[in-house]
1. Could you list all residues from the stretch 43-55 that are surrounded by 14 or more Cβ atoms within 10 Å (Cβ to Cβ) and not in a loop (DSSP other than H, G, I, E, B)?
2. Out of all the residues in the stretch 21-45, which are within 15 Å of Gly55 (Cα to Cα) and either among the hydroxyl-bearing types (Ser, Thr, Tyr) or in contact (Cβ under 8 Å) with a residue 60 or more places away in the chain (or both)?
3. Taking into account only those residues within the stretch 2-48 that are among the polar types (S, T, N, Q) and under 21 Å from Gly62 (Cα atoms), which is modelled with the lowest pLDDT?
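The values are calculated or read from the model by the stated rules, or taken from the named source; none is laboratory data. Quick caveat, the model's predicted, so the values are computed rather than measured. As a convention, Cβ positions derive from the backbone with ideal geometry for all residues, glycine included, and neighbour counts pool all protein chains shown.
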Amino acid sequence: MSQKNEAGRRFRNARDDASVGSIEKRIEKDYGLPAGTVQINRADGGNARSDKRIGNLKKEHGK
């Protein structure tokens, strides 16, 4: 019988009080990407500031 080793939901979803910059860095680290390759965008398609909170970004996107 195989067992799932999937991490819980709390390890996949970004917390609302996390900054965009910290999430970008975490994605780069987890996937072994070079620094600066991950970009999180605003609802209008522009680059989100690194000090912006994920909760505010979700409000912009209407989620």
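1. Those that are surrounded by 14 or more Cβ atoms within 10 Å (Cβ to Cβ) and not in a loop (DSSP other than H, G, I, E, B): Arg53, Ile54.
2. The answer is Ser22, and nothing else.
3. Initially, the stretch 2-48 is screened for residues among the polar types (S, T, N, Q), giving 2-3, 5, 13, 19, 22, 37, 39, 41, 47.
Within this subset, residues satisfying the condition of being under 21 Å from Gly62 (Cα atoms) are 13, 19, 39, 41, 47.
Values: Asn13: 82, Ser19: 95, Gln39: 95, Asn41: 93, Asn47: 95.
Looking at the filtered set, the residue picked out is Asn13.
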